[in-house]
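Trainee: Take a look at the following structure, please.
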Amino acid sequence: MRRRIIVGISGASGTVYAMNLLRALVRQPLEIHLILTADGRKVAAHEIGQEGRMAYILEKHFGAVRHPESRLVEHDPDNYFAAPASGSFRHDGMVILPCSMKTLAAVASGVAGNLLTRAADICLKERRPLVLVPRESPLSQIHLENMLRVTRAGGIILPPAPGFYHRPQTIDDLVNFVVARVMDQLGINHDLLNEWGTHAPTDRGL
Ligand SMILES: Cc1cc2nc3c(=O)[nH]c(=O)nc-3n(C[C@H](O)[C@H](O)[C@H](O)COP(=O)(O)O)c2cc1C
């Protein structure tokens with residue numbers, strides 16, 4: 001069976017993280033289940049200047065090259081009949097990026113008000129990997145407490161905080177630093193970033 005990953009996009013800033021992640025995922029023989037919240041779709045349209053189906057935007061505007069055995073399924077966020085709404089749907093992990101403070105709060109309190117937060121709730125109860133990439137700054141006590149709650153419940157909080165020791169040259173390098181960390185957490189191979197210590201700076205012509 002193909003490995004299955006759930007990717008959620010909520011209405012926080014940083015759609016480009018999700019697009020770069022999806023571009024990296026569709027290059028592999030994976031089954032990707034995509035859930036955009038209603039506000040996620042609006043913010044994404046604003047930030048990338050494109051509307052419509054993500055599979056089309058990915059190929060047309062992000063130059064994604066699909067593996068012939070990759071599958072990208074886009075779900076209606078109001079459809080609780082969709083596969084990710086059930087614990088019986090086996091998958092290999094889920095990420096929400098970017099994760100708004102509203103979606104974080106919903107996950108932290110177990111309020112499954114749409115398919116995205118329902119799927120995240122299921123991950124926690126089934127003890128499957130759940131990675132949240134929260135985007136807000138600065139953070140209130142409520143945000144921090146919600147992150148701690150999710151961490152205590154088994155989720156992983158992965159802030160979009162790129163390092164600079166890889167000497168990024170472009171915005172894509174910075175974005176891919178975060179995307180690589182997400183893929184590491186989900187146990188998916190990638191070539192977005194060299195493992196630190198495996199390449200000396202001189203190997204990279206620096
Ligand atoms: C352009 C734009 C950027 C936003 N950026 C953030 C953000 O970075 N973090 C956040 O928590 N909310 C942000 N919001 C607010 C969320 O979109 C809003 O709270 C929304 O209800 C989140 O819903 P969702 O979590 O169901 O997607 C932004 C809204 C807009 C219009």
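Trainee: Please go through segment 35-45 and give me each residue that is part of a helix (DSSP H, G or I) and within 7 Å of the ligand (Cβ to nearest atom), ordered by number.
Mentor: Of segment 35-45, the ones part of a helix (DSSP H, G or I) are 38-45.
Selection gives Ala38, Asp39, Gly40, Lys42, Val43.
Trainee: Pick from segment 77-88 the residues that are in contact (Cβ under 8 Å) with a residue 24 or more places away in the chain and over 17 Å from the mean Cα position of the chain (by Cα): which of them is nearest to the ligand (Cβ to nearest atom)?
Mentor: Asp78
Trainee: Within segment 56-63, does at least one residue satisfy the condition of being surrounded by 15 or more Cβ atoms within 10 Å (Cβ to Cβ), near the ligand (Cβ under 10 Å from one of its atoms), more than 15 Å from the chain's Cα centre (by Cα) and in contact (Cβ under 8 Å) with a residue 12 or more places away in the chain?
Mentor: no
Trainee: Given the structure, is His166 buried (at least 16 other Cβ atoms within 10 Å of the Cβ), of a type outside the set (Phe, Trp, Tyr), more than 12 Å from the ligand (Cβ to nearest atom) and modelled with pLDDT under 95? Can you show your working first?
Mentor: Details: buried (at least 16 other Cβ atoms within 10 Å of the Cβ): yes; of a type outside the set (Phe, Trp, Tyr): yes; more than 12 Å from the ligand (Cβ to nearest atom): yes; modelled with pLDDT under 95: yes.
Yes: the conditions hold for His166.
Trainee: Another question, if that's okay. Can you name the residue in segment 1-17 that is more than 14 Å from His46 (Cα to Cα) and within 10 Å of the chain's Cα centre (by Cα) and is also nearest to the ligand (Cβ to nearest atom) among such residues?
Mentor: Only one residue tops the list, namely Gly8.
Trainee: If you don't mind, there's one more thing I want to ask. Could you please tell me which pairs satisfy a Cβ distance under 7 Å, a separation of 6+ or placement on different chains, a first residue in segment 100-123 that is farther than 17 Å from Ile142 by Cβ, and a second residue that is aromatic (Phe, Trp, Tyr)?
Mentor: Leu115/Tyr80; Arg118/Tyr80
Trainee: Specify the residue that is surrounded by the fewest Cβ atoms within 10 Å (Cβ to Cβ); the eligible residues are those in segment 1-49 that are of a type in the set (Gly, Ala, Ser) and within 20 Å of Asp191 (Cβ to Cβ). Break it down stepwise before answering.
Mentor: Pass one, segment 1-49, residues of a type in the set (Gly, Ala, Ser): 8, 10-14, 18, 24, 38, 40, 44-45, 49.
Subset that is within 20 Å of Asp191 (Cβ to Cβ): 18, 24.
Values: Ala18: 29, Ala24: 21.
This residue is Ala24.
Trainee: Check Gly155, Gly93, Gly110 and return the single one that is surrounded by 19 or more Cβ atoms within 10 Å (Cβ to Cβ), more than 21 Å from Val43 (Cβ to Cβ) and within 16 Å of the ligand (Cβ to nearest atom).
Mentor: Step by step, each of Gly155, Gly93, Gly110 is checked, and only Gly155 is surrounded by 19 or more Cβ atoms within 10 Å (Cβ to Cβ), more than 21 Å from Val43 (Cβ to Cβ) and within 16 Å of the ligand (Cβ to nearest atom).
Trainee: Separate question: Inspect segment 27-34 for any residue being under 15 Å from the mean Cα position of the chain (by Cα), modelled with pLDDT of 95 or more, within 14 Å of Val133 (Cβ to Cβ) and not in a loop (DSSP other than H, G, I, E, B) and give the result as yes or no.
Mentor: Here is the first cut: in segment 27-34, the residues under 15 Å from the mean Cα position of the chain (by Cα) are 30-34.
Add one more test, that the residue is modelled with pLDDT of 95 or more, and what stays is 30-34.
Imposing the further condition that a residue be within 14 Å of Val133 (Cβ to Cβ) reduces the set to none.
There is no residue in segment 27-34 that is under 15 Å from the mean Cα position of the chain (by Cα), modelled with pLDDT of 95 or more, within 14 Å of Val133 (Cβ to Cβ) and not in a loop (DSSP other than H, G, I, E, B).
Trainee: Could you look through segment 128-152, keep only residues that are away from the ligand (no atom under 15 Å from the Cβ) and closer than 16 Å to Val95 by Cβ, and pick out the one that is surrounded by the fewest Cβ atoms within 10 Å (Cβ to Cβ)?
Mentor: Among them, the one singled out is Thr151.
For (1) under 21 Å from Ala180 (Cα atoms); (2) among the hydrophobic types (A, V, I, L, M, F, W, C), each residue gets a yes or a no:
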{"position": "Arg2", "(1), (2)": "yes, no"}
{"position": "Gln28", "(1), (2)": "yes, no"}
{"position": "Gln50", "(1), (2)": "no, no"}
{"position": "Glu59", "(1), (2)": "yes, no"}
{"position": "Pro68", "(1), (2)": "no, no"}
{"position": "Val73", "(1), (2)": "no, yes"}
{"position": "Val107", "(1), (2)": "no, yes"}
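The values are calculated or read from the model by the stated rules, or taken from the named source; none is laboratory data. Nothing here was measured: the structure is a model prediction, and the numbers come from that model. We place every Cβ from the backbone using ideal geometry, glycine too, and count neighbours over all the protein chains shown.
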